[in-house]
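Please treat every number below as a calculation from the coordinates, not as lab data. Being a predicted model, the structure only gives us computed values, none of them experimental. All Cβ positions, glycine included, derive from the backbone under ideal geometry; neighbour counts span all protein chains shown.
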Amino acid sequence: MAASTIMRWKSLPNGELDGKQMADVGLRFAYYDSNPHSTLPVLLLIHGSPGSSEVVRDLAAMLKDEFRVVAPDLPGFGASSRDIPDYSFHAHARYLVKLLDRLHIRKLHAAGFSMGGGVVLS
């Protein structure tokens, strides 16, 4: 738990997006989108804790010709809002639904590991 907290606060500061886009869905949501205008199937990649979308960036690059890859920084991590009211899997799933609605994504494939796996299952 301590390592997760330290890594969460030491990762990219809010404002430094490193190629990511930002959406406001009631909180700041940083995400990588390989091709926002693509008609390819969408693949949502969810990182674990501690971490950010940076840990799936190489995988996203390998898959970008077959999928529109969306890899967000879950709220509380990376360049997304840090101070959020609920860090549960269910809350993070609700945050993701708001992002997906904002991006007009209705159908997708999802993959996650560690905490991200729990979020995907939720």
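Restricting to the range 38-54, what's the tally of residues that are in a loop (DSSP other than H, G, I, E, B), of a type in the set (A, V, I, L, M, F, W, C) and either on the phi > 0 side of the Ramachandran plot or buried (at least 23 other Cβ atoms within 10 Å of the Cβ) (or both)? Give the derivation first.
Initially, the range 38-54 is screened for residues in a loop (DSSP other than H, G, I, E, B), giving 38-41, 47-52.
Those still in the list that are of a type in the set (A, V, I, L, M, F, W, C) too: 40.
Filter once more, keeping what is either on the phi > 0 side of the Ramachandran plot or buried (at least 23 other Cβ atoms within 10 Å of the Cβ) (or both): none.
Qualifying residue count for the region: 0.
If the Cβ limit is 6 Å and pairs must be 6+ apart or interchain, which residue in the range 82-101 that is within 17 Å of Y31 (Cα to Cα) pairs with which residue that is in a helix (DSSP H, G or I) and among the aliphatic types (A, V, I, L, M)?
H92/V119; A93/V119
Among the listed residues R68, R57, identify the single one that is more than 13 Å from the chain's Cα centre (by Cα), basic (K, R) and under 21 Å from G19 (Cβ atoms). If you could, list the steps in order and put the result at the bottom.
On the way: R57 fails: more than 13 Å from the chain's Cα centre (by Cα).
Every option except R68 fails the conditions.
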